[in-house]
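Encoded as structure tokens, the structure appears first; notes follow it.
The values are calculated or read from the model by the stated rules, or taken from the named source; none is laboratory data. Just so you know, these numbers come straight off a predicted model, no measurement behind them. For neighbour counting, all protein chains shown are included, and Cβ atoms are generated from backbone atoms with ideal geometry for every residue, glycine included. Note: areas computed on protein heavy atoms with side chains; ligands, DNA, RNA excluded. Shrake-Rupley method; radii C 1.70, N 1.55, O 1.52, S 1.80 Å.
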Amino acid sequence: MAFKDLRSLIAGLEAAGELQRVAVEVDPDLEIACITDRQSKLPGGGKALLFEKVKGSPFQVATNLFGSPARMALALGVAELGRLSEAMEKLLTSPGLAPLPLLVDRGPCREVVERPPDLLRYPFLKSWPGDGGRFITLPLVFTRDPETGEDNCGMYRVRIFDDGSAGVRWKNGSGGWAHYRKHMASGKRMPVAIAVGADPALTLAASLPLPAGLNEVPFAGYLRGEPVPMLRCLDSDLLVPADAELVIEGFVEPGATRNEGAFGNHTGSYDQGEEVPLLTVTCITRRRDPICQATVVGPPPMEDCWMAKGAERLLLPLARRQCPEIVDLSLPLEGIFHGCALIAIEKTLPGQGRRVLDKLRSEGWLQRGKLLVVVDAGDNPLTMSEGFWRALNGVRFPGDLALTPDGCLGVDATRKLPEEGGGQYQELRQDASVSAQVARRWREYGFL
């Protein structure tokens with residue numbers, strides 16, 4: 001089942017018993033985040049949350065919608081997250097399967113137009129006591145390359161400064177960052193549009209490091225099984241999702257920056273922030289009763305961990321195209337997206353583990369991972385426990401460690417072949433005939 005917007009997702013979660021409505025008044029300053037954090041730490045990721053009465057704002061807030069593997073799978077219309085790898089393999093083989101955006105001239109995100117804009121009416125969250133202010137934590141930030149006309153939709157945190165300005169922190173090397181640099185070099189102001197509360201496929205796509213040539217909006221259309229309706233902005237030619245809850249339009253003037261202040265991060269401490277491009281907001285368009293979707297960033301497990309697990313399954317086929325010997329990979333929750341990766345390979349040649357590390361470090365979505373560990377593929381799924389066991393028993397210190405100049409570590413923890421100085425290796429396996437006999441007699445032994 002494909003969800004065309006945030007509201008249909010919320011309805012689907014409620015029908016599946018995965019949604020908790022909070023009817024009493026709650027404060028977007030710390031309280032909502034504290035509730036969400038506590039819910040995220042419950043077994044199974046707790047419940048998706050819809051806060052119906054928010055202090056200081058007439059609008060609702062939704063959090064933790066993607067906060068478990070089951071909810072991520074439901075949001076993306078698959079039985080389980082492993083099916084996403086199959087979908088990506090199919091798309092990489094036939095790129096034409098990704099539908100072009102559907103251009104429309106009206107949509108729910110344009111039911112109300114606010115001029116002048118007032119960002120402070122909206123219940124964007126302050127999540128941690130030391131945060132510099134309120135942030136939009138699940139924004140879809142739309143920009144355009146001033147030279148090629150190529151559009152980008154990325155997820156970059158947005159700090160709210162006052163009723164008419166915000167700061168956008170583009171990640172170095174991202175599509176939005178490249179567009180920003182080109183605009184600033186040309187001395188021309190940069191149009192920016194920020195959508196909040198879009199359909200789940202587009203929200204996930206915005207968070208992914210997709211390869212060149214694969215745009216986020218067509219990719220989301222492929223995942224959801226139909227084109228994403230896109231609407232032209234009022235104050236620029238940027239296209240935004242017509243079914244979004246609200247859209248913030250504005251411009252970044254050359255040289256205009258402001259310090260975003262501290263931000264509580266998934267590291268368990270505060271990112272002290274930096275000077276970020278200053279967005280002057282020209283208008284806000286929205287539904288009559290928008291729902292502000294947010295996530296809370298902090299120590300795992302959090303909602304972003306499960307978004308990372310969806311990303312893991314989608315990006316596995318990209319890693320296999322870099323290195324065909326890769327069988328599986330796992331992104332531990334503690335790494336949050338690509339901070340750490342366990343990579344299982346089918347090793348047949350000496351030096352193969354180190355070559356895989358070198359290839360992944362040279363290009364692609366894992367090149368900035370703080371810790372990459374290559375292990376031998378086994379019969380069991382590549383879990384944290386399985387990978388750690390294989391790594392500890394396969395690594396030779398310090399020769400199997402590869403440290404990059406910027407402090408990222410690679411570990412070739414594959415078993416060593418004789419040409420690499422390894423000894424005779426024979427994996428432990430039960431006798432096949434005895435295993436079959438035990439299986440036949442299992443109930444006879446008194447086991448269920």
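Please determine, by comparing only the residues of region 139-150 that are in a strand (DSSP E or B) and within 19 Å of the chain's Cα centre (by Cα), which one is surrounded by the fewest Cβ atoms within 10 Å (Cβ to Cβ). In this case the residue turns out to be 141. Annotation note: of 358, 412, 400, 406, the sole residue that is in contact with a helix residue (DSSP H, G or I) (Cβ under 6 Å, 6 or more places away or on another chain) and either open to solvent by less than 60 Å² (accessible area, probe 1.4 Å) or under 30 Å from residue 267 (Cα atoms) (or both) is 412. Filtering region 334-355 to residues that are open to solvent by less than 40 Å² (accessible area, probe 1.4 Å) and not in a loop (DSSP other than H, G, I, E, B) leaves 335, 340, 341, 342, 343, 344, 345, 352, 353.
Residues in region 8-45 that are surrounded by 18 or more Cβ atoms within 10 Å (Cβ to Cβ), touching a Pro at 6+ places or on another chain (Cβ under 9 Å) and of a type outside the set (A, V, I, L, M): 28, 37, 40, 45. Against the criterion of being at negative phi and in contact (Cβ under 8 Å) with a residue 40 or more places away in the chain, residue 316 qualifies. When region 56-93 is filtered for residues that are closer than 23 Å to residue 230 by Cβ and over 16 Å from the mean Cα position of the chain (by Cα), the ones remaining, listed by number, are 62, 77, 87, 91. Per the conditions (1) out of contact with any strand residue (DSSP E or B) (no Cβ under 7 Å at 6 or more places or on another chain); (2) surrounded by 20 or more Cβ atoms within 10 Å (Cβ to Cβ), the sole criterion not satisfied by residue 331 is (1).
Cβ-Cβ distances below 9 Å connect no pair with a first residue in region 278-297 that is closer than 20 Å to residue 261 by Cβ and without any contact (Cβ under 8 Å) to a residue 60 or more places away in the chain, a second residue that is in a strand (DSSP E or B) and open to solvent by less than 10 Å² (accessible area, probe 1.4 Å), and a separation of six or more residues or different chains. Please work out if residue 129 is under 30 Å from residue 187 (Cβ atoms), of a type outside the set (S, T, N, Q) and touching a residue at least 24 places away in the same chain (Cβ under 8 Å). Taking the combined requirement at face value, the residue does not satisfy it.
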